[in-house]
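Worksheet for the structure shown next.
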Amino acid sequence: MAAEEKWKGWASKEHKEAEHGEEKEPCMLLGRQLGEAGRFAYAALCGISLAWLFPENEQSSFRMEFIKGFVRWLDLPDAVLRAITAFADGLGGEGTQTFTEVLLKDPILIESPLLITQDLLSFSLQDGYYDARVRVLICHVSGLLRIPLEDLEVLEESLLESLKEQKEEESETAEVSRKKKERRKKLKRYLLIGLATVGGGTVIGLTGGLAAPLVAAGAATIIGSAGAAALGSTAGIAVMASLFGAAGAGLTGYKMKKRVGAIEEFEFLPLTEGKQLHITIAITGWLCTGKYGSFTAPWSSMLHSSEQYCLAWESKYLMELGNALDSLLNGFVNMMAQEALKFTVLSGIVTALTWPASLLTVASVIDNPWGVCLHRSAEVGKHLAHILLSRQQGQRPVTLIGFSLGARVIYFCLQEMAQEKDSQGIIEDVVLLGAPVEGEAKHWKALTRVVSGRIINGYCRGDWLLSFVYRTSSVQLNVAGLQPVDLDDRRMVNMDLSSVVNGHLDYMKQMDTILKAVGIKTKECQPEEKGSGSLFSPQAKKSQRAASSEARGEEDTRKEEDEAGGEAVPAGCAPRVDSSSSALGEP
């Protein structure tokens, strides 16, 4: 705490100087500090990555707009634009490794390649719009440079804290008065400088280790006084408002004002208290009495983002379904179904004629509530699509995770979004577990127009319950929750969960294990404090010592820094599996 107070005090001093001191010359963008070869390799790497990640014709305008803006951002000659555009159109993919090596040899990046991630993030946020496709690109480029995804998340959290601090200090009166005088001037002078600035001629590298104790230390500490002034201006507040929505309440502020079609209940419940530049929405498939009587219960261990929500929908009908499932599975019928499993699911034959008569006699217990929820989940999914399209969540990437009928909600949400304009760049990843939806690839193709990152289909071949509720369907019907979806697209990731899921009810009971299996971070593998000594770069240490010496002396600060550097990861913490590893590998 003592070290944190030192940094806060110094940050406050620097920020006041930035606001009240004399005008300083604008600082140069980090990307422009690279040598000419480094800048070209940097732009080429992004162009090649865009062509691999988003090769579709409908994505061509996005690729071109990004490249044009990025070439200007790096201050590259106009003649270079044609070559980078060619890379973005799919040429030169074999040069990925060469451009990566050239970029890493640049003197500025020798100590901290993370500065590239920092620069890309700054470029992405300059207009207050964090496109999901751009975040996928940042993850991909960071992977090529061997930068862990955790470092990007630390950068996002730190920049967000800086934005939040300055927004809270800005009174409404001051904001209105400064809009007229400073909006055009400071938007151009400071915001376009970027959040990754060079202060006093020395690059301030924000690494995970440096950001951890300074997450609340103020913008001046993290990005330099010029950047702090930018964030404290109207421009910084405009970015914040765009990212989080004008109301600032996010999804929790949404209330269904009146009944929409057949939908009776639709509300977002917070799973975490934090804010983040990317959010996660979890959708529960059914409810049951006892431990799992709430929508949030299955997701208690999930920590995919600092800002997570759970969709509460049609609880009356989902509770009826859950009770029906318990009645069906807790009796002798379960034993009969296990016998039927040997002759049906495993042999690939699922018809009404092969199920035991004893099971069919009690079919009405499950058929009616299942049919009702099947219909309502599709309607809820379509409504969710329009909520996301209206940017109720702000201009930020969204990840959707759901099981059973919750996965069906996601499926119909994506199908609805695919039919609308301006639906791209909103959804980053989706995870559908035990989804009771069509499993043929042709039905999933539309999802690739909406999802920027991964489409994960988690299935269990031995899920006899899911087979049973589809028993009256055509023999040719493929169910996604029972088998892989054979879609030839880099986004599509099929995961056989048969080793951790014995039956349909396990999707709720074994959610913690399932989340780990599909690469979603959980709370138990979170260190007590973000960052560790291994994330400190020499450059970051130098900046940290120099800044801290102004507050209370260099010697004491080094002592505390050494103590922080020895911080250990708690025992029993499993290695993190990157959520975007499958889709964001090297081309």
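The values are calculated or read from the model by the stated rules, or taken from the named source; none is laboratory data. Bear in mind the structure is a predicted one, so any value in this text is a computation, not a measurement. Virtual Cβ from ideal backbone geometry, glycine too; neighbours counted across all protein chains shown. Note: accessible area is taken over every heavy atom of the protein model, side chains too, but ligands, DNA and RNA are not part of it. Shrake-Rupley method; radii C 1.70, N 1.55, O 1.52, S 1.80 Å.
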Exercise. Gly425 fails exactly one of the following numbered conditions: (1) surrounded by 20 or more Cβ atoms within 10 Å (Cβ to Cβ); (2) in a loop (DSSP other than H, G, I, E, B); (3) at negative phi. What is the number of that condition?
Worked result: (3)
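Only one of Gly93, Gly128 is modelled with pLDDT under 90 and closer than 20 Å to Asp422 by Cβ; which?
Gly128
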Seminar exercise, completed: Residue pairs qualifying under the 6 Å Cβ cut-off, at least six apart or on distinct chains, with the first in the stretch 449-472 being touching a residue at least 12 places away in the same chain (Cβ under 8 Å) and the second being acidic (Asp, Glu), are Ser452/Glu428; Gly453/Glu428; Gly453/Asp429; Arg454/Asp429
Exercise. When you go through Gly406, Gly402, Gly434 one by one, which is the residue that is within 22 Å of Ser300 (Cβ to Cβ), open to solvent by less than 10 Å² (accessible area, probe 1.4 Å), under 17 Å from the mean Cα position of the chain (by Cα) and in the same structural domain as Ala262 (by the TED database)?
Worked result: Gly402
Problem set entry | Count - residues of the stretch 437-467 that are hydroxyl-bearing (Ser, Thr, Tyr), in a loop (DSSP other than H, G, I, E, B) and open to solvent by 10 Å² or more (accessible area, probe 1.4 Å) | 0
Exercise. Regarding Leu152, is this residue closer than 13 Å to Leu120 by Cα and at pLDDT 60 or above?
Worked result: yes
For this session: Please go through the stretch 259-277 and pick out each residue that is touching a His at 6+ places or on another chain (Cβ under 8 Å), modelled with pLDDT of 85 or more and open to solvent by 50 Å² or more (accessible area, probe 1.4 Å).
Result: none
For this session: Answer yes or no: is there a residue in the stretch 468-486 that is open to solvent by 10 Å² or more (accessible area, probe 1.4 Å), within 18 Å of Ala282 (Cα to Cα) and not in a helix (DSSP H, G or I).
Result: no
Exercise. How do the helices (runs of 4 or more DSSP H) wholly within the stretch 55-151 filter down when requiring 2 or more residues that are among the polar types (S, T, N, Q) and in contact with a Leu (Cβ under 9 Å, 6 or more places away or on another chain): which remain?
Worked result: 96-104, 114-125
For this session: Taking the options Leu149, Leu160, Leu125, Leu155, name whichever one is of a type in the set (A, V, I, L, M) and closer than 22 Å to Trp52 by Cβ.
Result: Leu149
For this session: Give me a count of the residues in the stretch 494-520 that are open to solvent by less than 20 Å² (accessible area, probe 1.4 Å) and either in a strand (DSSP E or B) or more than 12 Å from Asp463 (Cα to Cα) (or both).
Result: 7
